[in-house]
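Undergrad: Here it is, the structure in full.
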Amino acid sequence: MSNWEPNPKKRRLDNDSGIGNGILNTKERFRPTTARDWTISIAVPTSIITSCVTREQRTTAAGSIARALAIFSVDEVVIFDDSPLEQRPRNFDPEAYTGDTEPAHFLEHLLNYLETPPFMRKVLFPIHPNLRSQGLLPSLDMPHHPHKDEWLPYREGLALEAPPRSGKGTSVDIGMPETVTISEDIPPKTRVTLKMPDDPQGQPEPVNPAEPRTEGGYFWGYSVRKAKSLSDVFTSSAYEDGYDLSIGTSERGVPLSKAFPNRDQTATFNHMLIVFGGPRGLEYAAMNDPDLGQMGISGARTKELFDHWVNVLPNQGTRGIRTDESLLIALTGLRRLWDSS
């Protein structure tokens, strides 16, 4: 997501906008829904890629997760470590890291890479071993990844080092043939969200990165957060009041039809969290969480962490379902809780 947020006061921009290229008259591909303050978060464990043998398999798994996030308009993904304590890296320094085997960093790196608009990836993501198989990654094609010949009321931009022609403010690359100029002095290589004018002669305005969702009704990508354990998913929430509706997925849970029997009723929440387990389930994550161990929560008591404990696909035809498959199945079944359409 965007790294720069404006002050609340109105922004005034130079006329050197470079947006009068006929783009404003093209048809929108994405249509906004109802503006919303509520959010959907999912949490996935690092074990979903530790069982992968090759870098290509890990890359493909990360890409499948990102596609699910994009398809279902998920606002946040949390990556939590469910490995035994003795197997976790200590004093890990992402800046000095040159390998591609640390699972939390690998997932965070690739999910952030995929969320970023393609035109700015080369600048924001230098060459790294994690990206050696980037050719296997899918296109997400989210609203903030627009084509050059389409217009949306918001754009993601990247602050440039070269000064604007007017000499004031900052030049911003928004993935169009010409850059725009804003009056703020923003450090180079900083990502910023802009609200575009309806009038071709108007001026774009820097806005809070959440505004496309909260005021425009657009899904505007997802944020990525790392958690050191399952309990840390809850205690380190990015939201001030945490998650007010939590759902844990398990083959030992109740079917969705019993957990949420009224198919025509949406749920009431501000921030929903859906947590997925790895090959050995959420019980394995709880077993390797020292904080939960002190609370006596492990095994069958893992379900006490959640408001709902569900089985997204009872009577499955295979012994196990991969987490990336479970994501698609669960989000398909649960979407009715927040989408009345």
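The values are calculated or read from the model by the stated rules, or taken from the named source; none is laboratory data. Predicted model only: the values in this text are computed from it and were never measured. Glycine gets a Cβ as well: all are built from the backbone with ideal geometry, and neighbour counts include every protein chain shown. Accessible surface areas use protein heavy atoms only, side chains included; no ligands, DNA or RNA. Shrake-Rupley method; radii C 1.70, N 1.55, O 1.52, S 1.80 Å.
Undergrad: Give the residues of the range 284-297 that are within 25 Å of I49 (Cβ to Cβ) and either of a type in the set (S, T, Y) or loosely packed, with under 15 Cβ neighbours inside 10 Å (or both), sorted by residue number.
TA: Hits for the range 284-297 are Y284, P290, D291, G293.
Undergrad: Only one of T60, T54 is open to solvent by 30 Å² or more (accessible area, probe 1.4 Å), more than 21 Å from R225 (Cα to Cα), modelled with pLDDT of 90 or more and polar (S, T, N, Q); which?
TA: T54
Undergrad: Continuing with the same structure: Return the residues of the range 181-226 that are charged (D, E, K, R) and either open to solvent by 20 Å² or more (accessible area, probe 1.4 Å) or farther than 23 Å from P163 by Cβ (or both); say none if nothing qualifies.
TA: Passing the criteria: E184, D185, K189, K195, D198, D199, E205, E211, R213, E215, R225, K226.
Undergrad: Can I ask one more? Any chance the range 65-78 includes a residue that's modelled with pLDDT under 95 and assigned to a helix (DSSP H, G or I)?
TA: no
Undergrad: Can I ask one more? Quick one: in the range 227-242, which of the residues that are in contact with a helix residue (DSSP H, G or I) (Cβ under 7 Å, 6 or more places away or on another chain) and surrounded by 15 or more Cβ atoms within 10 Å (Cβ to Cβ) is nearest to F106 (Cα to Cα)?
TA: So the residue we want is A227.
Undergrad: For the condition modelled with pLDDT of 95 or more and more than 26 Å from D339 (Cβ to Cβ), what is the one hit in P118, P129?
TA: P118
Undergrad: Select from the range 243-274 the residues that are out of contact with any strand residue (DSSP E or B) (no Cβ under 9 Å at 6 or more places or on another chain) and open to solvent by 70 Å² or more (accessible area, probe 1.4 Å) and write down the one among them that is farthest from E304 (Cα to Cα).
TA: Among those that are out of contact with any strand residue (DSSP E or B) (no Cβ under 9 Å at 6 or more places or on another chain) and open to solvent by 70 Å² or more (accessible area, probe 1.4 Å), it is D264.
Undergrad: Looking for whichever is under 30 Å from W38 (Cβ atoms), at pLDDT below 90 and of a type outside the set (S, T, Y) here; the options are D198, D149. Which one fits?
TA: From the options D198, D149, the qualifying one is D198.
Undergrad: Hey, another quick one. I'd like to know if the range 81-97 contains one or more residues that are in contact with a helix residue (DSSP H, G or I) (Cβ under 8 Å, 6 or more places away or on another chain), at pLDDT 90 or above and among the aromatic types (F, W, Y).
TA: The answer is no; no qualifying residue exists.
Undergrad: Given the structure, is L136 within 30 Å of I71 (Cβ to Cβ) and open to solvent by 10 Å² or more (accessible area, probe 1.4 Å)?
TA: Considered against the rule, which asks whether it is within 30 Å of I71 (Cβ to Cβ) and open to solvent by 10 Å² or more (accessible area, probe 1.4 Å), L136 comes out as yes.
Undergrad: Pull up the range 319-341, narrow it to residues that are β-branched (V, I, T) and open to solvent by less than 80 Å² (accessible area, probe 1.4 Å), then point me to the one that is farthest from T266 (Cα to Cα).
TA: I321
Undergrad: Step by step: first the residues of the range 152-168, then only those that are at pLDDT 85 or above and among the small types (G, A, S), then the one that is farthest from V192 (Cα to Cα). Which residue is that?
TA: Checking each candidate, the answer is A162.
Undergrad: Another question, if that's okay. Scanning for something buried (at least 16 other Cβ atoms within 10 Å of the Cβ), free of Cβ contacts under 8 Å to residues at least 24 places away in the same chain and either under 22 Å from A330 (Cα atoms) or more than 13 Å from the chain's Cα centre (by Cα) (or both), does the range 163-170 turn up at least one residue?
TA: Yes - at least one qualifying residue is present in the range 163-170.
Undergrad: Given the options D289, D264, name the one that is over 22 Å from the mean Cα position of the chain (by Cα) and modelled with pLDDT under 90.
TA: Answer to the selection: D264.
Undergrad: Taking the stated definitions as given, is A300 touching a residue at least 12 places away in the same chain (Cβ under 8 Å) and open to solvent by 40 Å² or more (accessible area, probe 1.4 Å)?
TA: Against the criterion (touching a residue at least 12 places away in the same chain (Cβ under 8 Å) and open to solvent by 40 Å² or more (accessible area, probe 1.4 Å)), A300 qualifies.
Undergrad: Right, another one. What pairs come out if I take residues in the range 132-149 that are within 26 Å of P177 (Cβ to Cβ) and pair them with residues that are among the β-branched types (V, I, T) and open to solvent by 30 Å² or more (accessible area, probe 1.4 Å) whose C-beta lies under 8 Å away, six or more apart or interchain?
TA: Here the result reads D149/T26, each pair linking the range 132-149 to a residue that is among the β-branched types (V, I, T) and open to solvent by 30 Å² or more (accessible area, probe 1.4 Å).
Undergrad: Is it the case that the range 306-317 has a residue that's acidic (D, E), more than 27 Å from R31 (Cβ to Cβ), in contact with a Ser or Thr (Cβ under 9 Å, 6 or more places away or on another chain) and surrounded by fewer than 20 Cβ atoms within 10 Å (Cβ to Cβ)?
TA: Yes - at least one qualifying residue is present in the range 306-317.
Undergrad: If I filter the range 100-107 for residues that are surrounded by fewer than 21 Cβ atoms within 10 Å (Cβ to Cβ), closer than 25 Å to V275 by Cα, under 18 Å from the mean Cα position of the chain (by Cα) and at pLDDT 95 or above, do I get at least one hit?
TA: No, every residue in the range 100-107 fails to be surrounded by fewer than 21 Cβ atoms within 10 Å (Cβ to Cβ), closer than 25 Å to V275 by Cα, under 18 Å from the mean Cα position of the chain (by Cα) and at pLDDT 95 or above.
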